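Student: Before anything else, here's the structure in question.
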Amino acid sequence: MLTRIVGGRIIDPANGRDEIGDIWMNDGRIVEAQVGAQADASYDAIGKIVMAGAIDIHSHIAGWSVNTARLLLPEFRLGSAPRPGATPLSSAGWPAFEIGCLYAAMGFTTVIEPAVSPHYALHAHLELADIPIIDKATLAVLGNDDFLLGLIRGKESATAVRDYVAWTLAATRSLGIKVINAGGSAAFKENAREFSLDDVVPSYGVSSREIVKTLQRAVADLGVPHPLHVHCNNLGIAGSADTALATIAAADGLPLHLAHLQFYGYGREGGRGFSSAAARLAEAVNAAKNVTIDVGQVMFGQTVTVSLDVLRQFKARNQARPRKWAILDGDANGAGIVPYDYRSADFYNAVQWAVGMELFLLIDDPWRVFFTTDHPNGAPFTTYPEIMALLMSRDLRAQWVATLPADAMAVTTLPAIGREYSLLEIAAMTRAAPARLLGLRDRGHLGAGAIADVAVYEDAPDRAKMFRSAALVFKNGALVVRDGIPTQTDFGCALEVQPERDCAMDRRMKAYYEERYGLSDDLIKVPDHAIGRPEPFELVPCKR
Amino acid sequence: MVQAWIDGMPAALSTATAAAARLLDASRQPLVAGLGTDIAGARAAVALAQRIGACVDHMNADALLRDLDVMREAGAMLTTPNETRMRADTLLLGGPGLIEAWSELPRHLFGPTSVADDRRGTERRVFWLCPGRQTGADDKVTVIGRDSGELPAVLAVLRARIKGHPTGEVSVSVQLLDELVGALKTARFGVAAWSAAALDALTIEMLCGIVNDLNATTRFSGLPLAPSDNAMGVLQVCAWMTGFPMRTGFGRAYPDHDRWQYGAARLVESGETDCVLWISAYRAAPPQWHGDPQMIALAPADARFPRSPRVHIAVGAPGRDHDSIEHCAMIGTLAAVTATHRSEALSVADAITSIVAHLSAEPLSC
């Protein structure tokens, strides 16, 4: 069906466009302008903003941890449906179905679940399959698993590591590899309570740095488009900036993505020994062109932290608000779910909020800083519209700053920053750049040949209102949202990469599972038929 | 050929599913209970319940929700059976019912560990508190206390002595308890295990509290044994589809979770429910209530009920007659299981799909 979106302001930084024009779609793809043709369906976008569907590269939306958070906090969802936002997390997208609808309402069409431990991949894909409208993908977590640590300890070849990483990607049907506090979970099982980049996992004698470097090299050599996605050691503590800086330096010019950098933006200055180090971090990121980061912005309000950094979550459990949690000493990384309430009157939380803002505003290149709240760890993804508004208006930020503890603002540089994001920069940061970072050539832009994932917004001066409810959203060329309300709820697919590997590794893994678990390694795989939807997966090409 | 019966008389499958749909359409407060099924069956059952405004409960929800209540009211540290098997050098079993819950427990957990610094197994110290008249304990196990009724008091005193607090008398000698305290504190990776089917929530909370306290200086975790009939798998499905565990009602415009109000036995015995969809595919589990509600049963062909169900559709066993996805207890997550004796038997998911096809057109609205 030939569809035309008429006369909108097309903001497509990937193709260098910011101009009034039409978008033509046919058979699920964007096509060249059809001069003289009659569209079967036509949508008026005059006076509106047209962008590609947005892409969220780091949001915890599915899997054991996310589901356990639901089970931990039923009281945050009790009550009648048309309840005003008085219930904590009532708007956060709780069941799987709501997540897809809420994301699509904001014009998001692809979301990445960034933390799937290999044994939990089947569970994660089942949950993702029940999230409507959006396309999705997972990142498989390595770096605390016995097999990899054993390979490094045994000084096995880079080829063996590559084959193991490729095997993991295939078994878990993921788009990339994530490492979360490399070695930290394994060390925690042996009673370590601190774990930094040069600390060594006792049973294996390998350091966190070695694990990160080994995985970084393997991912690059395999041609997996997405660089190694790193959750550094020492998340959330005063002085964590040093760890982030050391990790950036360790990247050695190879591509590296640092997750939720805001949680590493803390120095030790000032009376409380807690301050913003965002300026230092931003400078380092600006200088290191091989490095990309996502922010992990904190917003005030009740949320729940969901993380496979079990050491961090174990230590954080005594600050849980409300006072309860779940800590899993599982296979490899484990997990921790700790509810938390960020309060605007709290010195530390106010600094955290400012650090995220500083990172957004001080990192120059919107193609290397990515828009996330590390949902739900910094804030639910439903706060995205408010964050966009803050980035686009220094006056709005000043209003917020005026309500926050002055001593907290004094240990940051935020009050002095005047930069305002343009729509072009927002589009680069939330569309063009994520598509490129993930190797998704078919989206994040509005050029001919792209899949027809398109978001149309009212050009409202209230940018939060604008981004909260898209006027129109198209997914694969079909209308899925009108005025923020889903109009149909078909299901998207999960994107995966499958780099080449030696079959000898398959035999080796089979034997390993028999020996270690007394179980078949088929157990942990994700068969097509398990998902219960037609064509649930889509293959993304590797670079080689 | 799929077997089905209407009021005890053999019927064609399509007639039976149509009859089931008519019963559900006519019902004022339907209940989907048992829920002994695989992930696909659970997804279909929860979707059906949402559509017709039913309540959902699982036959093992009582036990499951005790563990869940402890986590969602106090917090919990958890591990998996496989991690326990491989790593736990100290095991603290609490109360009776563990071997009933996991018959393989002695084989997996009473021998040496599989993993250690030097990659050889180390001896595992096993302590069993108040096991009751337990069969299956062997000479590798140190039993402390006997009568299971003593367990709450023993745990309370044990917890206090771990923290160095003064304690009163209890049925177990102070000496023995202090030896246990010493062993627990010198554990390199200890695990406390229990079966919620045999304990109450406060006792479980005390055991979880001991685990948490021990983590002040050493590593310790907790292993609640998973109830049968894929209870853990069904729990995951309920949570991601509705935001809540089982014992949730969909009769209002929103999911309403209440472990008392939506318990199947209470709904049946009070007469609040007028039609039950009973699902038990792994075995012919008998419903645990007193009463003869109008019933649609998705259960093995040889399942027997006190009164003939209005409709009985024979279903196969997941993982035997057809491929299944279900909770794999050993690794503590969902896993794909290939059918061991593949047959033509109907799966719960397919049975529900057939029933849904006959439901009246409009989904419930309030």
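Student: Across the range B:48-62, what is the number of residues that are surrounded by fewer than 24 Cβ atoms within 10 Å (Cβ to Cβ) and over 23 Å from B:Arg28 (Cβ atoms)?
Tutor: Of the residues in the range B:48-62, 1 are surrounded by fewer than 24 Cβ atoms within 10 Å (Cβ to Cβ) and over 23 Å from B:Arg28 (Cβ atoms).
Student: Is there any pair linking a residue in the range B:239-254 that is within 11 Å of chain A (Cβ to nearest Cβ) to one that is acidic (Asp, Glu) and surrounded by fewer than 24 Cβ atoms within 10 Å (Cβ to Cβ), with Cβ under 9 Å and at least six apart or on different chains, and which?
Tutor: Note: pairs meeting the criteria are B:Trp240/A:Asp130; B:Met241/A:Asp130; B:Gly243/A:Glu98; B:Phe244/B:Asp256; B:Arg247/B:Asp258; B:Thr248/B:Asp256; B:Thr248/B:Asp258.
Student: Follow-up question, since we're still on this one. How many of the residues making up the range A:11-37 are over 20 Å from A:Asp442 (Cβ atoms), in contact (Cβ under 8 Å) with a residue 12 or more places away in the chain and not acidic (Asp, Glu)?
Tutor: Residues flagged as over 20 Å from A:Asp442 (Cβ atoms), in contact (Cβ under 8 Å) with a residue 12 or more places away in the chain and not acidic (Asp, Glu) within the range A:11-37 amount to 4.
Student: Just for strands (runs of 3 or more DSSP E) wholly inside the range A:298-404: which have at least 3 residues that are out of contact with any Ser or Thr (no Cβ under 8 Å at 6 or more places or on another chain)?
Tutor: Once the strands (runs of 3 or more DSSP E) in the range A:298-404 are filtered for at least 3 residues that are out of contact with any Ser or Thr (no Cβ under 8 Å at 6 or more places or on another chain), what remains is A:301-307.
Student: OK, next. Taking into account only those residues within the range B:288-302 that are within 18 Å of B:Ala231 (Cβ to Cβ) and either free of Cβ contacts under 8 Å to residues at least 12 places away in the same chain or surrounded by 21 or more Cβ atoms within 10 Å (Cβ to Cβ) (or both), which is farthest from the other protein chains (Cβ to nearest Cβ)?
Tutor: B:Ala299
Student: May I ask you to list the residues in the range A:513-537 that are more than 8 Å from every other protein chain (Cβ to nearest Cβ), surrounded by 14 or more Cβ atoms within 10 Å (Cβ to Cβ) and touching a Cys at 6+ places or on another chain (Cβ under 9 Å)?
Tutor: Within the range A:513-537, A:Arg533, A:Pro536, A:Phe537 meet the criteria.
Student: Residue check: is B:Ser221 under 19 Å from B:Leu98 (Cβ atoms) and under 16 Å from the mean Cα position of the chain (by Cα)?
Tutor: Values: under 19 Å from B:Leu98 (Cβ atoms): yes; under 16 Å from the mean Cα position of the chain (by Cα): no.
No; evaluated as a whole, the condition is false for this residue.
Student: Given the range A:417-519, what strands (runs of 3 or more DSSP E) lie entirely inside it while holding 3 or more residues that are farther than 14 Å from A:Val50 by Cβ?
Tutor: On the way: elements: A:454-458, A:472-475, A:478-482, A:494-496.
Answer list for the range A:417-519: A:478-482, A:494-496.
Student: A further question on this structure: Any residue at all in the range B:277-287 that's part of a strand (DSSP E or B), at pLDDT below 95 and not hydroxyl-bearing (Ser, Thr, Tyr)?
Tutor: No, the range B:277-287 contains no residue that is part of a strand (DSSP E or B), at pLDDT below 95 and not hydroxyl-bearing (Ser, Thr, Tyr).
Student: Could I ask something else about it? Could you list, in sequence order, all residues of the range B:256-279 that are buried (at least 24 other Cβ atoms within 10 Å of the Cβ) and either within 14 Å of chain A (Cβ to nearest Cβ) or closer than 21 Å to B:Ala329 by Cβ (or both)?
Tutor: B:Tyr262, B:Ile279
Student: Would you point out the residue of the range A:200-219, among those that are in contact with a Lys or Arg (Cβ under 9 Å, 6 or more places away or on another chain) and surrounded by fewer than 20 Cβ atoms within 10 Å (Cβ to Cβ), that is nearest to A:Glu113 (Cα to Cα)?
Tutor: A:Arg217
Student: Only one of these conditions is not met by B:Met295: (1) out of contact with any Lys or Arg (no Cβ under 9 Å at 6 or more places or on another chain); (2) modelled with pLDDT of 95 or more. Which number is it?
Tutor: Among (1) out of contact with any Lys or Arg (no Cβ under 9 Å at 6 or more places or on another chain); (2) modelled with pLDDT of 95 or more, B:Met295 violates only (1).
Student: Right, next: In the range A:259-290, how many are surrounded by fewer than 24 Cβ atoms within 10 Å (Cβ to Cβ) and part of a strand (DSSP E or B)?
Tutor: 2
Student: Here's another thing I want to ask about it. Any residue in the range A:387-411 that is over 19 Å from A:Asn349 (Cβ atoms) sitting within a Cβ distance under 7 Å of a residue that is of a type in the set (Lys, Arg) and in a helix (DSSP H, G or I)? List the pairs, counting only those 6 or more apart or interchain.
Tutor: A:Met388/A:Arg463; A:Ala389/A:Arg463; A:Met392/A:Arg463
Student: Given the options A:Ala464, A:Ala428, A:Ala452, A:Ala460, name the one that is farther than 19 Å from A:Val31 by Cβ and buried (at least 23 other Cβ atoms within 10 Å of the Cβ).
Tutor: Working: A:Ala464 fails: buried (at least 23 other Cβ atoms within 10 Å of the Cβ); A:Ala452 fails: farther than 19 Å from A:Val31 by Cβ; A:Ala460 fails: buried (at least 23 other Cβ atoms within 10 Å of the Cβ).
Sole residue among the options that is farther than 19 Å from A:Val31 by Cβ and buried (at least 23 other Cβ atoms within 10 Å of the Cβ): A:Ala428.
Student: Considering each of A:Gly356, A:Gly330 in turn, give the residue that is in contact with an Asp or Glu (Cβ under 8 Å, 6 or more places away or on another chain) and either of a type outside the set (Ser, Thr, Tyr) or crowded, with 24+ Cβ neighbours inside 10 Å (or both).
Tutor: Numbers: A:Gly356 fails: in contact with an Asp or Glu (Cβ under 8 Å, 6 or more places away or on another chain).
Exactly one of A:Gly356, A:Gly330 is in contact with an Asp or Glu (Cβ under 8 Å, 6 or more places away or on another chain) and either of a type outside the set (Ser, Thr, Tyr) or crowded, with 24+ Cβ neighbours inside 10 Å (or both), namely A:Gly330.
Student: Moving to a separate point now. Only residues that are without any contact (Cβ under 8 Å) to a residue 40 or more places away in the chain, assigned to a helix (DSSP H, G or I) and farther than 19 Å from A:Gly176 by Cα: list them for the range A:198-216, please.
Tutor: A:Ser208
Student: How many residues does the range A:458-473 hold that are more than 22 Å from the chain's Cα centre (by Cα) and within 13 Å of A:Tyr43 (Cβ to Cβ)?
Tutor: Residues flagged as more than 22 Å from the chain's Cα centre (by Cα) and within 13 Å of A:Tyr43 (Cβ to Cβ) within the range A:458-473 amount to 2.
Student: Collect the residues in the range B:60-85 that are more than 7 Å from chain A (Cβ to nearest Cβ), over 30 Å from B:Glu123 (Cβ atoms) and of a type in the set (Asp, Glu), keeping them in residue-number order.
Tutor: Initially, the range B:60-85 is screened for residues more than 7 Å from chain A (Cβ to nearest Cβ), giving B:60-67, B:69-70, B:81, B:84-85.
This time we only want the ones that are over 30 Å from B:Glu123 (Cβ atoms), so: B:60-66, B:69-70.
Within the range B:60-85, B:Asp62, B:Asp69 qualify.
Student: Report yes if some residue within the range A:310-323 is modelled with pLDDT under 95, more than 22 Å from A:Arg77 (Cβ to Cβ) and either surrounded by fewer than 24 Cβ atoms within 10 Å (Cβ to Cβ) or not β-branched (Val, Ile, Thr) (or both); otherwise report no.
Tutor: No, the range A:310-323 has no match at all.
Student: Also, I was wondering about something else. Of all residues in the range A:102-145, which are in a helix (DSSP H, G or I), within 14 Å of another protein chain (Cβ to nearest Cβ) and touching a Ser or Thr at 6+ places or on another chain (Cβ under 9 Å)?
Tutor: Scanning the range A:102-145 gives A:Leu102, A:Pro118, A:His119, A:Tyr120, A:Ala121, A:Leu122, A:His123, A:Ala124, A:His125, A:Leu128.
Student: Also: Going by the conditions given, is B:Gly291 among the small types (Gly, Ala, Ser) and either out of contact with any Gly (no Cβ under 6 Å at 6 or more places or on another chain) or under 14 Å from B:Gly34 (Cβ atoms) (or both)?
Tutor: Numbers: among the small types (Gly, Ala, Ser): yes; either out of contact with any Gly (no Cβ under 6 Å at 6 or more places or on another chain) or under 14 Å from B:Gly34 (Cβ atoms) (or both): yes.
So B:Gly291 fits the description; yes.
Student: Moving on. Suppose we filter the range B:58-94 for residues that are over 24 Å from A:Lys189 (Cα atoms) and in contact with a Phe, Trp or Tyr (Cβ under 6 Å, 6 or more places away or on another chain); how many remain?
Tutor: Qualifying residue count, the range B:58-94: 0.
The values are calculated or read from the model by the stated rules, or taken from the named source; none is laboratory data. From a predicted model like this one, the values you see are computed outputs, not experimental measurements. Virtual Cβ from ideal backbone geometry, glycine too; neighbours counted across all protein chains shown.
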